[in-house]
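Comments concern the structure below.
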Amino acid sequence: MACSCGQVLRPSDQEMGSRRQVFDLPEPKLRVVEYQQYGCTCPACGTACRGTYPAGVDGPVQYGSGVKALGVLLTQGYCLSLEKTSQLFADLFGYRLKEQTLLQAQATAYERLAASESLIQAQLAQSPVVHADETGLRVEGKLQWLHTASNSLWTYLYMHPKRGTEAFQSGDSILKTLNQWLVHDCWASYFKLEDFCHALCGAHLLRELQAQVEQGRQWAVEMHDLLLDLYHQSREQPLAPTRRKAVMARFEAICQAAQREEPPPEPQKRGKPKRTKGRNLFERMQTHREAVFAFAFHSEVPFTNNLAERDIRPLKLKQKVAGCFRTSTGAKHFARTLGVISTTRKHTRNVFRELRDAFEGHTFITREWAT
């Protein structure tokens, strides 16, 4: 290195002035590992002896666990279609995967993740708080429901033809094993499960109240303010039990105002009298007042059920891509795999590595939580 004047600069005189880094990707390519089998005939007895291939190397040509894991991650985790996933492999690696190969990888992942799913269920059964939600989709041309039970570390998802009690009592559900707090969106069927305490999503109530505020309902303004006040007061620590009487008195006063402000039920020729949405809302809050204010008096109970909503949101993306599931088998594969992927992300683990390990017989869940 020389100065502009021509003077040669010695390395010992140089000091680092700055540095620059460029993050880039190497050209992706598939790595092919060839295993060769050798053999010979025993000179003593004449028996033909042959070496053995490693476990899992079953055919003359096959894809390894890394290819299968990436295929499952793209189709199940990122909700790409089979065609786009196949094309992506062709663009990146020069090999276009057949759709049947991707479907077989999904089926294999479903089987290999069964033990992980069982451990997720066991952890949720012991959790002090579980979030629940459900959303509908078309499977084989019929409406079915994706159900979730989850907390901040574990996600369990399952498919069922029904939305309510029949689904909650089915063999796939874990709600009947819970014994502490269940946070949900006030779907009536949840209240038929009586072995645990209920807590309602405050965000849903605020949205419903805001709709009534926009209709000019004064009682909704006061109820909205009450929920927000309690939320801010209980963020650091729950309210003292001595505050309960005052909170409930304010709540009842607002409900009495709603009773006067909302139009009375209108008798119908058939069925129940017609009620306004506002009347239905405050009567529902009256009936389930303990669940409405559970967040304010119990530190373990959150204000919203947003966690469960985030856990089932990928299904909506899947619907936008595929529209529906053609088979119930495909829907079941998606639910289990997505539950394990969600759990893996909650534990800040590398999803690709864990799926690859699953094809080899284990995940961090089975390694660390089996005992």
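Size check on the range 235-299: the Cα extents along the three principal axes, sorted descending, read 50, 19, 15 Å.
Work out the FRET efficiency for residue 142 and residue 310 from their Cβ-Cβ distance, taking R0 = 30 Å, and round it to the nearest 0.05. Intermediate results must be reported in sequence, preceding the final value.
Values: r = 26 Å, r/R0 = 0.88.
For R0 = 30 Å, the calculated efficiency reads 0.70.
Report the Cα centroid-to-centroid distance between the range 321-354 and the range 48-101 in angstrom, as an integer. The two parts, judged by their Cα centres, are 17 Å apart. What you get for the chain, charging only the Cβ of Lys and Arg (+1) and of Asp and Glu (-1), is a dipole of about 820 debye around the Cα centre.
In Å, what Kirkwood hydrodynamic radius results for the range 210-263 from the alpha-carbon pair distances? Show your work: numbers first, answer last.
Values: mean 1/r = 0.0828 Å⁻¹.
Every distinct Cα pair counted, the radius reaches 12.1 Å.
List the pairs from 245/269; 162/318; 277/316 whose alpha-carbon separation is above 31 Å, in the order I gave them.
245/269, as the Cα separations exceed 31 Å there.
Summarising the strand pairing of the range 55-201, around 70 percent of its internal DSSP beta bridges are antiparallel.
Roughly what would the spin-label model give for residue 14 and residue 244, points 7 Å off Cα along C-beta, in nm? Each label point lies 7 Å from its Cα, and together they span 7.5 nm. Against the set [x] 73, 63, 47; [y] 61, 41, 38; [z] 97, 80, 40, the structure's computed Cα extents along the principal axes in Å falls on [z]. Judged by the mean number of other Cβ atoms found within 10 Å, the most tightly packed of the peptides 357-369, 120-132, 19-31 leads the ranking 120-132, 357-369, 19-31. Label reach from residue 180 (point 7 Å along Cα→C-beta): in the range 288-309, amide nitrogens under 12 Å belong to 299-302. The relative contact order of the chain comes to 23 percent, based on Cα pairs under 8 Å that sit 6 or more residues apart. Dividing the summed -39500 (n - 2.57) terms of all DSSP H runs of n ≥ 4 by the residue count of the chain sets its mean residue ellipticity at 222 nm at -13500 deg cm²/dmol.
Of all DSSP-defined beta bridges confined to the chain, some 70% are antiparallel rather than parallel. Listed peptides 315-326, 74-85 appear in the order 74-85, 315-326 once ranked by packing, highest mean of other Cβ atoms within 10 Å at the front.
Summarised as an ellipsoid, the range 144-235 has semi-axes of 30, 16, 12 Å, derived from the eigenvalues of the Cα gyration tensor scaled by 5 and square-rooted, with the largest first.
Bear in mind that the values in this text are calculations on the coordinates, not laboratory data. Not measured: the values here are computed from a predicted model. No Cβ is skipped: glycine too gets one built from the backbone with ideal geometry, and neighbour counts run over all protein chains shown.
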